[in-house]
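Working notes, structure below.
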Amino acid sequence: MSEPSRGPLRHFTCVGSYERCQAACMEPDRYRTLLALPANKPVIAMGAGLSLAGAGFSSDALTVDMRHFNRILDLDQEGMTLHVEAGATLASLFSFLADRGLMIAVQPGHPGITIGGCIAGNIHGKNQYRIGTFADLVEEIQLFHPAHGILDLNRQRHADVFELTVGGCGLTGIILSARIRLHPEAGKSCHVRHTPVAGMQDAVQQMKGQQQHEDFMYSWHDVTPFGGSAGKGFLVSGRFEPGTHERNGWRNHRPLHHASPWPLPVFNGLSLPLINGIYRRLKQGYAGTEDLFTSLFPFAIMPSYFHAYGPRGFIEHQVLIPDAHIVDYLERFLALAHDFRQSFGMVSLKRFRGERKLLRYSGDGFSVGLHLPATPKAIRFLAQLDEIDTQFMGIANIIKDARLPASVVAAQFPEYVQFRERLATFDPGRIFTSMLSRRLAL
Ligand SMILES: Cc1cc2nc3c(=O)[nH]c(=O)nc-3n(C[C@H](O)[C@H](O)[C@H](O)COP(=O)(O)OP(=O)(O)OC[C@H]3O[C@@H](n4cnc5c(N)ncnc54)[C@H](O)[C@@H]3O)c2cc1C
């Protein structure tokens, strides 16, 4: 087989724009093109390109855009599993499954995300406290590596490669397809409530008390007033209901063209305190019924949020802090934000339950999620926050933070070295590389 053409150089940027580069790219639409990839040249798979770090591209690697591989291969309705190609998007599967009273229970915030991206990023939704993360739904993976051929992976067969692939950021090879465990559709609509909270610690207490009674729960906070009221906000809780199946969100959702930001940063250090204050007053106390799609994918109908940071973009930082340390951690976080007069586009808490493993973002505790305009001050702020995260036994979400250094990941993840070694054993040539893998020395 002759080597596939690498195509012209394309400009790639992560959501948030912090990591970007030009790279060769191919968009194969048949297996024989994929299977002709050479075993000695750097390569990386890409799904929808909706990661907040440069996880699917690198200037020296060929990006393989997998979106043409998007077919449903088999639905086992009785066994409640779906065998699907890796390039299928959550939006395309939502409608197919809803018609049959089924759903994928773990859904990240945007419907354009692919199954390959969900597996490689071990993504979470809003209900990981009850359902777990995407790793818990993956039953089998068909993986292609040019040096190994096609491998069928599950928890028994090639279990080591299966473990490395789930949450492995595409570094073991190209996921061709996967069998995913389904759940009965949770409801046709969702009753959403925004309950005011006095601060982040208050949100933690309320989530601990109420989480098990809600289908999903997360919080939103206004951290810009820098005074005693810093952290005021609301809990967003949702209960699925039978209702009618108005798919308004599904009909109205739009692709996220994150590579074309507005020419000026409307979200900046001056405007964000004002915008957050207005948003909090508008949203707190809201209660209403939404269609299921809208409640699962709140970002799907507001792509302008991402453009409003302007050409410099933004950084997402997410850290998972164990329950025992969260209250003290939040005190240190708020003090640091106060000292820096740091502005945020978003501050949110989610509760997690699960097992810490390899480099996956999973475990017991509270996840603190931040969006910051990508200014030099924010980078200095995050460098100090990394130290506090590590001190409080936190782990950062590696697929979300485009500036996270290798030293921090090595200090936070007890299995960092093990991940590297196991990867090198499977693939001594280490041909799957990305900006993320180079930055994290993986
Ligand atoms: C608006 C928005 C909301 C989000 N909300 C959440 C959320 O709630 N929870 C959460 O966890 N994440 C969330 N994310 C992050 C997102 O879910 C992950 O970054 C996800 O991995 C992106 O998938 P993708 O299809 O865009 O893949 P890409 O960004 O293209 O790639 C992501 C990684 O997956 C690998 N990959 C993709 N396809 C394959 C394949 N076929 N074979 C092997 N590797 C592959 C790539 O190499 C790369 O390492 C959100 C992102 C956005 C933009």
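For the chain, a Kirkwood radius taken over Cα pairs fed into Stokes-Einstein (4 °C, viscosity 1.567 mPa s) yields D = 59 µm²/s. Reducing the stretch 22-67 and the stretch 256-307 to their Cα centroids gives an inter-centroid distance of 31 Å.
For the stretch 267-310, the Kirkwood estimate of the hydrodynamic radius, built from every pair of different alpha carbons, is 12.4 Å. In summary, the stretch 189-412 shows an alpha-carbon radius of gyration equal to 1.01 times the 2.2 N^0.38 Å reference for compact globular proteins.
Annotation note: GluC sites (Glu not before Pro) in the stretch 285-384 located in DSSP loop regions with a Cβ neighbour count of at most 12 within 10 Å are 355. Around the Cα centre of the stretch 56-204, unit charges on the Cβ atoms of Lys, Arg, Asp and Glu (plus for the first two, minus for the last two) sum to a dipole of about 400 debye. Under 17 Å of direct C-alpha separation, and excluding same-chain neighbours fewer than eight residues apart, residue 208 reaches these aspartates and glutamates: 323, 328, 364.
For the stretch 357-380 versus the stretch 208-223, the spacing of their alpha-carbon centroids is 18 Å. Label-to-label distance, residue 80 versus residue 336, with points set 7 angstrom from Cα along the beta-carbon direction: 4.0 nm.
Over the chain, with a Gaussian network built from C-alpha contacts below 10 Å, which listed residue (153, 282, 336) shows the highest mean-square fluctuation? Most flexible of the set in this elastic network: 282. When only the Cβ of Lys, Arg, Asp and Glu is charged (+1, +1, -1, -1), the dipole of the chain relative to its Cα centre reaches about 860 debye. Counting every alpha-carbon pair across the stretch 376-442, the share separated by more than 20 Å comes to 32%.
Under the criterion of Cα pairs below 8 Å and six or more residues apart, the relative contact order for the chain equals 18 percent.
Here each label is just a point 7 Å from Cα along the line to Cβ, and for residue 95 and residue 438 those points are 4.0 nm apart. The slack in the chain from residue 260 to residue 328, taken as 0.36 nm per residue of separation less the alpha-carbon distance, amounts to 20.5 nm. Considering only 88, 144, 52, and ranking their Cα positions along the charge dipole of the chain that arises from unit charges at the beta-carbon of Lys, Arg, Asp and Glu, the one farthest toward the positive end is 52. Here the spin labels are modelled as points 7 Å beyond Cα on the Cα-Cβ line, and at residue 283 and residue 384 they lie 2.6 nm apart.
Every number in this text was worked out from the coordinates using simple rules, so none of it is lab data. Everything quoted here is computed from the prediction, not taken from an experiment. Cβ sites come from the backbone with ideal geometry, for glycine too, and all protein chains shown count toward neighbours.
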